[in-house]
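Engineer: Here's a structure for you.
The values are calculated or read from the model by the stated rules, or taken from the named source; none is laboratory data. Since we're looking at a predicted model, the values are computed, not measured. So basically every Cβ, Gly included, is an ideal-geometry build from the backbone, and we count neighbours across all protein chains shown. The protein model used for the area step is the full one, side chains on, heavy atoms only, and it has no ligands, DNA or RNA in it. Shrake-Rupley method; radii C 1.70, N 1.55, O 1.52, S 1.80 Å.
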Amino acid sequence: MSILIFTELADGKFKKSSLEAISYGSKIDGSAPVVLAVGTADETSLAEAGQYGASKVLFSSQEQENIMVYSQALLKAIETTGAKVIVSVKSALADAVMARAAGTLKAALIGNVTELPDTTNGFVVKNSIFSGKAFAKTEMKSEVKFLQIKKNVVEASPEGGNATVENFNFAADAMGSSIIETQKASGQLSLPEADIVVSGGRGMKGPEHWQPLLDLAQALGAATGCSKPVSDLDWRPHHEHVGQTGVKVAPNLYIACGISGAIQHLAGVNASKVIVVINKDPEAPFFKAADYGIVGDVFEVLPKLTEAAKAL
Amino acid sequence: MKILVCISNVPDTTARIAFEDNNTKFSKNGVQYIIGAYDDYALARAVELKETHGAQVTVLNVGLADSEPQIRKALAIGADDAVRVDAEPTDSYFVATQIAAYAEGKGFDLILMGRETTDYNSGVVHGMVAAMLGLPSFSPVMELTVEGSKAIISKEIEGGKQKIETAIPAVMGCQEPIAEWKIPNMRGIMAARTKPLQVIPAVGSALTGIINYELPPAKGACKMIPAEEAGTLIKLLQIEAKVL
Ligand SMILES: Cc1cc2nc3c(=O)[nH]c(=O)nc-3n(C[C@H](O)[C@H](O)[C@H](O)COP(=O)(O)OP(=O)(O)OC[C@H]3O[C@@H](n4cnc5c(N)ncnc54)[C@H](O)[C@@H]3O)c2cc1C
């Protein structure tokens, strides 16, 4: 089977989730996938795709993240490689790019895939639905298939050698769109990619009280998140909003501080491996979804955790 | 201006998820249905644009007759007319095919919908529709203004946002804070009863089929740590849970 991986770059390198997508692709039938990388990166970092099972990287250097251009790159790469299975991670960027390509090719697309496909009888994938509250086994019937895998469901550990890197050119057409301005918080850990997330809710009482939470996040090397009311109230930036209508995270560790655990919030965090809840109300629903809980005042508990984390 | 707003009819975000017929069918028993949370934002922005710029707002739903209360609600919120494509919305490709087939040649300036549905969370219908119609697409869109034949949008990217100027027509997947959710008022509800709702047949077929469903394994008990000994949690996370 010819397999193509659509990857994402950050700070000149593959995102961790994209390395997971490459690993996943290399395990479908054992054949080495080709990787498409669009954006800015250096060649040494790109060659690392080989350590996760890729044979070759097609690299299209683009200064700006334009969805139309990215999807044209993907379509051209599919045409060049004759790929029948296209894999990406599940993310807002990949959603937009994979959708345009699948729509053009009239191909099936399944998102939030959690396991390798079962090809014993057709092509069947398992995917998470209802924001992680259930799973479906879905048969894909078109000749070309698009799969978006959920973050943190495959282990990406380097082995193998380097991949060859080829510059990849195609006719780009932004279709009348232009990016006027990009604002990106720099030097911050990416929330959807993070291994550890420390998140705050209305129980944090106001933006001026966030420091104890930021201190713990720093001590753990964690990204920070928040509940919807917190971003609605502008206590924290919108891209930190976690939940059914926000970022869906899948870290190894999620620490919720002063968040009640409404079902819509849980929908964004239920793929976390371990959940810690700190809440002064012993009846807070979040404890039912937690692995470890502390009933107490966040402002007393957080400094203790930070101190212990610094001592690690 | 002509705006098409595509809405999904989905279980309420607090609905209990269960399956029947040997786990091959979603159990609608006792489940309250709503307009998809993100679609509601798209609808609210379309109605605001109608108020400020003047626009004809059409809502479209791919669904069976049980979607009609939600379609009427969209009309009550301020859409002018509605179309229901009479079919079960079986997969993203199928839904996108219906939207593109309806919109083709009708001169919509904007096709708006939520960034994803809150049932299957695929988040790809907007991109597919745009590809089928040869239009640009953007998602997740957090701000949208229209100036003549151009739209200015703010789109979320990982860790920040992009400001984009684009030619319209265009397709957009919307999310907050693009607009505040709107609640229909009495006048709107009365008016909605007589607004046109056209039912049309579906075209084409889905490319996927669900074989069966399963629920995640039940979560084990939560281990409680006394607040005074909060620091010991860090050790447990390191040694027992092995996540540090
Ligand atoms: C369609 C829809 C979609 C939604 N999507 C999302 C979503 O994506 N994400 C999301 O988060 N929400 C979402 N919501 C909102 C959700 O229903 C809840 O309202 C929200 O999650 C509550 O946020 P919170 O836990 O921060 O606040 P609250 O519910 O007010 O909880 C605050 C908690 O802090 C605790 N607390 C207070 N003081 C302290 C203290 N000193 N120390 C310790 N604990 C303290 C309290 O006991 C309480 O449990 C959505 C709602 C709807 C209707």
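Engineer: Go through the range A:187-197 residue by residue and tally those that are within 14 Å of the ligand (Cβ to nearest atom) and at pLDDT 95 or above.
Structural biologist: Total meeting the criteria: 1.
Engineer: Select from the range A:116-149 the residues that are in a loop (DSSP other than H, G, I, E, B) and either modelled with pLDDT of 95 or more or farther than 25 Å from A:G82 by Cα (or both) and write down the one among them that is farthest from the other protein chains (Cβ to nearest Cβ).
Structural biologist: Ranking the qualifying residues of the range A:116-149, first place goes to A:L116.
Engineer: If a residue must be touching a helix residue (DSSP H, G or I) at 6+ places or on another chain (Cβ under 7 Å), part of a loop (DSSP other than H, G, I, E, B) and at the interface with another protein chain (Cβ under 7 Å from one of its Cβ atoms), how many such residues does the range B:109-136 contain?
Structural biologist: 7
Engineer: Can you name the residue in the range A:164-185 that is closer than 27 Å to A:E48 by Cα and within 11 Å of chain B (Cβ to nearest Cβ) and is also least open to solvent (accessible area, probe 1.4 Å) among such residues?
Structural biologist: Filtering first and then ranking leaves A:A185.
Engineer: Sort out which residues of the range B:199-220 are facing another protein chain (nearest Cβ under 7 Å), assigned to a loop (DSSP other than H, G, I, E, B) and hydrophobic (A, V, I, L, M, F, W, C), and write them in order of number.
Structural biologist: B:L207, B:L215, listed by residue number.
Engineer: Another one. Give the range A:134-143 a look and list any residue that's crowded, with 21+ Cβ neighbours inside 10 Å and more than 22 Å from the chain's Cα centre (by Cα), or say none. Don't jump to the end; show me each part of the working.
Structural biologist: Keep residues of the range A:134-143 that are crowded, with 21+ Cβ neighbours inside 10 Å, which gives A:136, A:138, A:140.
Correct list: A:M140 only.
Engineer: Report, by residue number, each residue of the range A:49-65 that is assigned to a loop (DSSP other than H, G, I, E, B) and open to solvent by 20 Å² or more (accessible area, probe 1.4 Å). Spell out how you get there, then give the answer.
Structural biologist: In the first step, residues of the range A:49-65 are kept if they are assigned to a loop (DSSP other than H, G, I, E, B); the result is A:53-55, A:62-65.
If the condition is that a residue be assigned to a loop (DSSP other than H, G, I, E, B) and open to solvent by 20 Å² or more (accessible area, probe 1.4 Å), then A:G53, A:S55, A:Q62, A:E63, A:Q64, A:E65 are the ones that fit.
Engineer: Next question. So A:D215 fits all but one of (1) more than 15 Å from the chain's Cα centre (by Cα); (2) away from the ligand (no atom under 14 Å from the Cβ); (3) within 22 Å of B:C222 (Cα to Cα); (4) not aliphatic (A, V, I, L, M); what number is the exception?
Structural biologist: (3)
Engineer: Here's another thing I want to ask about it. Within the range B:152-167, does at least one residue satisfy the condition of being farther than 17 Å from A:A94 by Cβ and in contact (Cβ under 8 Å) with a residue 40 or more places away in the chain?
Structural biologist: No; the residues of the range B:152-167 include none that is farther than 17 Å from A:A94 by Cβ and in contact (Cβ under 8 Å) with a residue 40 or more places away in the chain.
Engineer: List pairs: first residue in the range A:252-278 and assigned by TED's automatic domain parsing to the domain that holds A:N112 and in contact (Cβ under 8 Å) with a residue 24 or more places away in the chain, second residue assigned to a loop (DSSP other than H, G, I, E, B) and of a type outside the set (S, T, Y) anywhere in the structure, Cβ distance under 7 angstrom, at least six positions apart or on different chains.
Structural biologist: Close Cβ pairs satisfying both conditions: none exist.
Engineer: What number of residues in the range A:231-249 are within 8 Å of the ligand (Cβ to nearest atom) and either modelled with pLDDT under 90 or of a type in the set (F, W, Y) (or both)?
Structural biologist: First, pick out the residues of the range A:231-249 that are within 8 Å of the ligand (Cβ to nearest atom): A:241-246.
Applying the additional criterion that residues be either modelled with pLDDT under 90 or of a type in the set (F, W, Y) (or both) yields A:244-246.
Total meeting the criteria: 3.
Engineer: Which one of the conditions (1) more than 16 Å from the ligand (Cβ to nearest atom); (2) touching a Phe, Trp or Tyr at 6+ places or on another chain (Cβ under 8 Å); (3) within 14 Å of chain A (Cβ to nearest Cβ) does B:K2 fail to meet, given that it meets all the rest?
Structural biologist: (3)
Engineer: Can you tell me how many residues in the range B:65-86 are within 17 Å of the chain's Cα centre (by Cα) and outside any helix (DSSP H, G or I)?
Structural biologist: Final tally of qualifying residues: 5.
Engineer: Let me ask something else about it. Among the candidates B:K161, B:K182, B:K106, which residue alone is charged (D, E, K, R) and part of a strand (DSSP E or B)? It would help to see each step written out before you state the result.
Structural biologist: Working: B:K182 fails: part of a strand (DSSP E or B); B:K106 fails: part of a strand (DSSP E or B).
Exactly one of B:K161, B:K182, B:K106 is charged (D, E, K, R) and part of a strand (DSSP E or B), namely B:K161.
Engineer: Just one of (1) closer than 29 Å to B:M172 by Cβ; (2) open to solvent by 40 Å² or more (accessible area, probe 1.4 Å) trips up A:K84, so point out which.
Structural biologist: Every listed condition holds for A:K84 apart from (1).
Engineer: For the condition facing chain B (nearest Cβ under 8 Å), part of a helix (DSSP H, G or I), surrounded by fewer than 16 Cβ atoms within 10 Å (Cβ to Cβ) and more than 9 Å from the ligand (Cβ to nearest atom), what is the one hit in A:K288, A:K304?
Structural biologist: On the way: A:K304 fails: surrounded by fewer than 16 Cβ atoms within 10 Å (Cβ to Cβ).
Of the residues listed, the single one that is facing chain B (nearest Cβ under 8 Å), part of a helix (DSSP H, G or I), surrounded by fewer than 16 Cβ atoms within 10 Å (Cβ to Cβ) and more than 9 Å from the ligand (Cβ to nearest atom) is A:K288.
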